[in-house]
Every structure is written in structure tokens, then in C-alpha cells.
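Reading through the C-alpha cells given below for one structure.
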Amino acid sequence: MQDSEPTHTLLFGLTLHEGRSENLHEGCLEARRVRNEVNRLDDEGWDWNDIHDTVVDNATLVKNTTQLLVQKAFKEIETYHANKDDGWSRPFPYIHEPYPMRMNHNEGYALTVDDSGDVRFRVSCKPYNYVKGVLRGNPDHLERVKNALTSEAWRVGVAELVYKHDEWQLHMTVTHKQHTVGVPEEADTVVGVDINEDCVALAAMNRTTGDVLDSVVIEYPDIKRVRHEYFTKRKRMQKVGQTAFETVVRTEERDFVHDQLHKVSRDVTRWVSQFNDPVIVFEDLKDMRESINYGTRMNRRLHSLPFAALRDMVTYKATWNGVPSDDVKPEYTSQRCPRTDCLHKGRANRHRKRFKCKKCGFQDHADRKAAVCVAQEWFTKQNENVPSLETLPRVKKVRRTASGLCEEADSHGPIFGSGVHRHGTSAQGESQVREELKTVAPT
Ligand SMILES: [Zn+2]
């Protein structure tokens, strides 16, 4: 295990209830003056201790806020000195735009969760000069800040107040205190992840034996359906020029997709937590974007779902549980045969959700197989032999839906807790499962 302090940056808009917007603006002007003053005195050759004391004494801001601003200005100058040989230019001695106010929690600003679950803020530019209101932002960030405010394990960090896109915003960090996250290299279980437009597939491999311990395909057809519906709706509105409604629709869609992805990411981390010292392995998205040879399907996949969002949520929740994540290059994971004595790759191996190797005849659910390939790539990355594939477990599918169906699912399946509807309980489902079994070719 290694010590690390995972820090997350969160972004919120501010809805003001009390105090004037002008106060915030004045604060940012004073912040600019502080920043410029530090640069001016440094330029005149002042000692940094003297700069610090003089500037802090003369500023009208909350003292702690001025100290943070002076530190930031020093850091800019230090960065310049450390990099000037590489051609970095000196920070501008005088900037003209308002400068972000930089504040410590419970000093320059404070957050609290009220009874209705809203997060309330208080920003004080000057002592005893408050602006108050509520934070708004994406549900994911709101959940994280609430967690940090109510949990002993998290620290609410520094926030910067900026005016951007016609609104006041708070950019802030939350940090886990003395958090221990496993080291990927020491993992016992390698969980490959394959994210698609309508499902995410997971395959867990034992590090030592290479056995595929278990796998699951979590389907989320509602996300795809709703995104398509909203897409059509927006197109129609654009045609008749209803831009205001369009924004509302976009927000609705974003909230829905976000909420669903959240639940899916929780399903993923819950499933992963059953294994011994796991590492979660994703395909490197950057690599996917840079590559142009993965074909239209890959490109469509990239743009058709907020992959980065789901991946980010899984990583975040896993880190919370002490589970590390890692990346591999997406080396034909969707097209390659997973049998180590074959490894044939070709686009023709895959047809929708079916994978059938044109060379050796191996068949499987295409996404589950892709997840197995991702795990295998991780062995390659560690310079370890990719274990030969003996047998694959039955393909299990669960469905995460937005309907009330999953809400009332009190009969918890052995795979997940509430909220996930298991397949394969009806007679038809059973035969489907049996068919999946048959198509997993014995080696
Ligand atoms: Zn093959």
C-alpha cells in the first residue's frame, strides 16, 4: 500500500441570497492589487519576508486570504526562476483583469449542508462582510463536496472565486486525509473494463493463475435511449429557434445521464470490491483519441457516451475504497482473439455483440471478451506472461434501468444490492444463459 492524498477539483456556480455581487467584484480587484504589489516589490529587489508582511498588513481582505494570494504570487515567480533557462517568461508585473480570490475553508469562505440537502456558502472578502447563498453545479460535484463536509476522512481545501461566463464560480478542492490506495503492481486481481454506449463489461482475472474468476455485463439501455431522445428533441428545437428551451433540455439530459452513470459506477465498484486486492484497468482514452486506425466503431464509441465521466466516477469511488486504477493501450481489444495460442485480430471477428474468431472459432459475448483482453493487456504491460485462457465463466448480465422496476427489486441478487435487476430468471432468460454457455468454446 502507498500513502497518497487524492485531491479532487470541484466547480460550482453561486446563487446569491444575501450580500451584493459588487462585494465579490471588489474582493477580486483587491486580490489583483495584492498580486501586482508582490510582483512590483519583488522587481524592486525587496526581501520576500518583508514583501509578505508589508502586503498582508496593507490589504483590506481577510488576512488568511491575503496570505494565500501572496503565496500564490511567490509561487508564480519561483516557477519562473526554475524554468527561465527553458525560455519561460517572467510573470506579467501588472495584470489588468480581476484576480481570483483564494480562500481557506472556514477562513475566507465556509460551506455547510442545510436541512434540504443544499450546500450553502459564505464568502467574506473583507472581515465581517459576507455574501451568502447556495452552490449549484453538477450532481456529482455536489455529492462529493457534501461527502467531504460530512466525513471525517475528507478535508475541504482551498477555493478560488472567479467571475466567468457571466456568473460567479467557486473552484475548490477536496482531499482525502492519510488515504491509502493499493499499488497497481501489487494487485492480486486484475479487473479489465470495457465501456460501451449501452453497457460496461468487467472481467476479473487472478494475477497468479490467470483464471478468469468472474465477469459481468452491466447494461444501461436507458442512457442510450434517453440520449437519443434528447438529441432528437434538441434538433427539433434548434430548427424553430427555441434556444432557451434547448438549454433546459440539455440540463435535464445531463442530470439524467449523470445520475444513471453514478449508479452504474457504484455497481462497478461494488462488484470489484468482492475480489482480493484488485486493480481496475481501463483502456487509455488519450491513446484512443490519438489513434485514427481503430475504425469508425471506436470513434463512435468515443463520442457517443461520456466515457470519461463514467471512468472518472469509477476511479473516484474505487480510490475512495482504496482500490487503484490503471491504464493500458487499447491494442485491438475489441477485435483480438483472447486465446493466447491464437491472438488473431480482425474487424470481421466481431459482429455487434458477438465475437467469433475467424481463425480458431472461439466465440463469446463481444464486450465481455473485450474486458478479458483489457486485463490481458495489463499483464503485458507488467512484462508478465499473459496466462493462457482455460475456461470462461458463464456470461452474467445485469440491467440498470431508470424505471421503477429496479427500485422495487427487493430480491437482491447475489451480484449486487438493490437497484439492479437480474436477468435470467424467466424461462426465456434461462435458455438465453444456456446458449451463452454453449458459445464459450472449450479450450
Ligand atoms: Zn482465435
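Brief remarks follow.
- With neighbour counts taken as other beta-carbon atoms within 10 Å, the residues TYR99, TYR163 rank, fewest first, as TYR163, TYR99.
- Cα centroid separation - region 303-364 against region 124-151, whole Å: 39 Å
- Amide hydrogen neighbours beyond the local backbone of SER325, cut-off 5 Å, H modeled: ILE280
- Size of electric dipole in region 147-289: Cβ of Lys, Arg +1 and of Asp, Glu -1, about Cα centre, debye, nearest 20: 780 debye
- Integer Hz, Karplus 6.51/-1.76/1.60 couplings in order for region 217-232, x for Gly and Pro: 10, 9, 8, 9, x, 5, 4, 4, 4, 5, 4, 5, 4, 5, 4, 5
- Taking a ≥ b ≥ c as the square roots of the eigenvalues of the Cα gyration tensor, an a/c ratio of 1.5 or more together with a/b larger than b/c marks region 187-258 as prolate.
- Pair VAL183, GLU246: separation of 7 Å Cα→Cβ label points (nm): 5.3 nm
- Relative contact order (percent, whole number), region 2-176, Cα cutoff 8 Å, 6+ residue spacing: 34 percent
- Spatial separation of Cα centroids for region 192-206 and region 1-59, in angstrom: 44 Å
- Between the alpha-carbon centres of region 171-191 and region 65-81 there is a gap of 30 Å.
- Residue-wise HN-Hα coupling along region 349-360, computed from phi with Karplus coefficients 6.51, -1.76, 1.60 (Hz; x: Gly, Pro): 5, 10, 10, 6, 8, 9, 10, 9, 5, 5, 8, 10
- Note on region 95-161: Cα Rg divided by 2.2 N^0.38 Å, N the number of residues, gives 1.19.
- Vicinal HN-Hα couplings computed from phi for region 233-245 (Karplus, 6.51 cos²θ - 1.76 cosθ + 1.60; Hz; Gly/Pro x): 4, 5, 4, 5, 5, 4, 4, 9, x, 8, 5, 5, 5
- Filter on LYS358/LYS381; LYS369/LYS396; LYS75/LYS317; LYS317/LYS369; LYS72/LYS132; LYS146/LYS397 - keep pairs with C-alpha separation over 22 Å: LYS358/LYS381; LYS75/LYS317; LYS317/LYS369; LYS72/LYS132; LYS146/LYS397
- FRET efficiency, ASP341 to THR208 (Cβ-Cβ, R0 25 Å, nearest 0.05): 0.80
- Basic side chains Lys and Arg get +1 at the Cβ, acidic Asp and Glu get -1 at the Cβ, and with that the dipole of region 2-176 about its Cα centre reaches some 400 debye.
- Gyration tensor analysis over the Cα atoms of region 58-104 returns equivalent ellipsoid semi-axes of 24, 12, 8 Å (largest first, whole Å).
- Dividing the Cα radius of gyration of region 160-204 by its Kirkwood radius returns 1.25 for Rg/Rh.
- Reciprocal of mean inverse Cα separation for region 2-176 (Kirkwood radius, Å): 17.2 Å
- The amide H of LEU10, built 1.01 Å from its N in the peptide plane, has MET172, THR173, VAL174 as neighbours under 5 Å, considering only residues 5 or more places off or on other chains.
Any read-out appearing in this document is the output of simple, stated calculations on the displayed coordinates, not a laboratory observation. Given the structure is predicted, the values throughout are model-derived calculations rather than measurements. Ideal geometry is used to build each Cβ from the backbone, glycine not excepted, and the neighbour counts take in all protein chains shown.
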